[in-house]
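Working notes, beginning with the structure itself.
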Amino acid sequence: MSEEKVIILDCGSQYTQLIARRIREQKVYCEIHPYTLSPELIRGNATKGIVLSGGPASVYGKDAPRVDEELFHLDIPVLGICYGMQLMTSVLGGEVAPSREREYGKADLRVDEPSEIFKGLQKGKTYRVWMSHGDRVENLPSGFKTFACSANSPIAAMGDPNRKLVGLQFHPEVAHSEIGDQILHNFLFHMCRCRGSWDMKSFVKTSVQRIKEEVGEQRVICALSGGVDSSVVAALVHQAIGERLTCIFVDNGLLRKDEAEEVLSTFKDFFHLDLRFVDARTDFLTRLKGVEDPEQKRKVIGELFISIFEKEAKKLGTVEYLAQGTLYPDVIESISFKGPSATIKSHHNVGGLPERMELKLIEPLRELFKDEVRKVGKELGFPDRIVYRQPFPGPGLAVRVIGEVTEERLKILREADAVIQEEVTHARLYQEVWQSFAVLLPIKTVGVMGDERTYEHVIALRAVSSRDGMTADWVRFPYELLGTMANRIINEVQGVNRVVYDISSKPPSTIEWE
Ligand code: XMP
């Protein structure tokens, strides 16, 4: 375990993970807990600071997150962000009220008072920050001073220097707050006196230790896909419990060109773990016959995967745990109770498996973003072909063959996709983009080749940039590259006479077409 840590108490903000990420970037270990965590459990030598996150509630609302006043008497610095600041105010006897105008988006913060949290910033100067609030602090709790203001918040930052309590109405964790990193640095290193020695090496150490403690002498299985997430999970669990981990790789016939062979050979060369290979290509294709609806496809694939996995697991005797590479964006997409995201596509990992097999879950990456997982992969010494592999959906090419999935259509798509991978790699753009791939459309169009009329399939090219897959923009590939890909696909892939480029962003579109 880390010798120093910061505890983030989550009051429901969509940015809580971002706070954690910004703190990790400053090499300080942090943990996210629900706001209900008792001060007793927070107290301890290792806790150097506490952050109260933002949240959608109003402090006076029914069921609004509330913390024990004791939290502010632990002699540990506390940073309240947005709702966290209002909560601190309300608990310590100050006053919060609805502002006349909601402040949303960019705002100018004027620093009025020197303080530890604003160390390095100039008094009287304004800085661009990002706000998102309806309520604001009207009266300070006793012992507090105002540090800064903005147009709509006379108290945009406040603090009690003696008790080392500080509140910010804006969000230092979002990239639009230009002084955000500086402020978090000041909190961590000046107020909390952290040393900042945490890194991905420490992450590996901590995770391995936790897995060891949790699993004890039990057995774990892991579905391996060849992507960076499941590979990192497998490697961590393997370091923790050695041969009590079994990995299962299923070829569902929906993989890209030569993918199964490549994954198997990489794993043979690189990892020395117990890997079972299941060739289920025929099963999947048979079940997908006649299925056109995207959700139905996912359902069929998910269920079949579960039953294959279950059969394989039974051969191993008693297995208690399932390890999977759930990342933070998967967590919020699936628990997003307000937004529609959870039901847009039923995504991610092997949902259904844990309940059916009564397995407990091990998800060591559930607090990380993809680029952090890649850093862990690097730390573990993974080759680049795993670390920088673009994400690939669980249902594979089935959601890229629009309409019914047949062997013939998969073959066309695989060949077209291989051209894209080759050309994007050749242009040194493979690692620059989040995903680049081909989609096969269920229509035919007229073309002319030689002197002959053709009537063949259309391939759509899709390339997006994204940080976490939750939002995305289409990539402005050079025309030359687009031209080369289109020419090669039409010339080399039998059955295709037209290529189009998808220029939609997410939202309102999604990355995959189904
Ligand atoms: P969408 O299409 O929802 O995709 O914008 C966001 C990211 O998730 C991947 N994706 C999936 N991953 N199972 C998965 O494991 C799925 O069913 C699935 N659908 C989409 C997609 O490739 C992108 O990276």
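The values are calculated or read from the model by the stated rules, or taken from the named source; none is laboratory data. No experiment lies behind these values; they were computed from the predicted model shown. All Cβ positions, even for glycine, are placed from backbone atoms using ideal geometry, and neighbour counts span all protein chains on display.
Only a single item in (1) part of a helix (DSSP H, G or I); (2) surrounded by fewer than 18 Cβ atoms within 10 Å (Cβ to Cβ); (3) modelled with pLDDT under 95 is not met by ARG298, and it is number (2).
Only residues that are farther than 15 Å from PHE382 by Cα and surrounded by fewer than 17 Cβ atoms within 10 Å (Cβ to Cβ) were counted in the range 258-273, giving 2.
Within the range 475-510, being among the aliphatic types (A, V, I, L, M) and within 16 Å of the ligand (Cβ to nearest atom) holds for VAL475, ILE503. Of all the residues in the range 381-397, those that are within 14 Å of the ligand (Cβ to nearest atom) and assigned to a loop (DSSP other than H, G, I, E, B) number 7. Among the residues making up the range 457-469, those that are farther than 18 Å from LEU397 by Cβ and surrounded by fewer than 19 Cβ atoms within 10 Å (Cβ to Cβ) are SER465, ARG467, ASP468. Of the residues making up the range 189-226, those that are of a type in the set (D, E, K, R), without any contact (Cβ under 8 Å) to a residue 60 or more places away in the chain and part of a helix (DSSP H, G or I) are LYS205, LYS212, GLU213. Of the residues LEU236, LEU245, the single one that is over 27 Å from LEU413 (Cβ atoms) and over 23 Å from the mean Cα position of the chain (by Cα) is LEU245.
Each row is one residue, and each column tells you yes or no for (1) within 27 Å of the chain's Cα centre (by Cα); (2) modelled with pLDDT of 95 or more; (3) surrounded by 18 or more Cβ atoms within 10 Å (Cβ to Cβ); (4) within 15 Å of the ligand (Cβ to nearest atom).
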{"residue": "VAL376", "(1), (2), (3), (4)": "yes, yes, yes, no"}
{"residue": "VAL399", "(1), (2), (3), (4)": "yes, yes, yes, yes"}
{"residue": "ARG414", "(1), (2), (3), (4)": "no, yes, yes, no"}
{"residue": "ILE420", "(1), (2), (3), (4)": "yes, yes, yes, yes"}
{"residue": "ALA438", "(1), (2), (3), (4)": "yes, yes, yes, yes"}
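The single condition among (1) within 16 Å of the ligand (Cβ to nearest atom); (2) in contact (Cβ under 8 Å) with a residue 60 or more places away in the chain that ARG366 does not meet is (2).
Looking only at the range 110-121, decide whether some residue is in the same structural domain as TYR15 (by TED's automatic domain parsing), touching a Ser or Thr at 6+ places or on another chain (Cβ under 6 Å) and over 24 Å from LEU18 (Cβ atoms). Yes - at least one qualifying residue is present in the range 110-121.
The single condition among (1) in a loop (DSSP other than H, G, I, E, B); (2) buried (at least 16 other Cβ atoms within 10 Å of the Cβ); (3) not charged (D, E, K, R) that ASN186 does not meet is (1).
Report yes if some residue within the range 469-477 is more than 18 Å from VAL424 (Cβ to Cβ) and modelled with pLDDT of 95 or more; otherwise report no. No, the conditions are met nowhere in the range 469-477. Where strands (runs of 3 or more DSSP E) fall entirely within the range 93-183, those with at least 1 residues that are more than 19 Å from ALA57 (Cβ to Cβ) and in contact (Cβ under 8 Å) with a residue 60 or more places away in the chain are at 95-111, 157-160, 165-168.
The residue of the range 58-102 that is modelled with the lowest pLDDT, among those that are over 29 Å from the mean Cα position of the chain (by Cα) and of a type in the set (Phe, Trp, Tyr), is TYR60.
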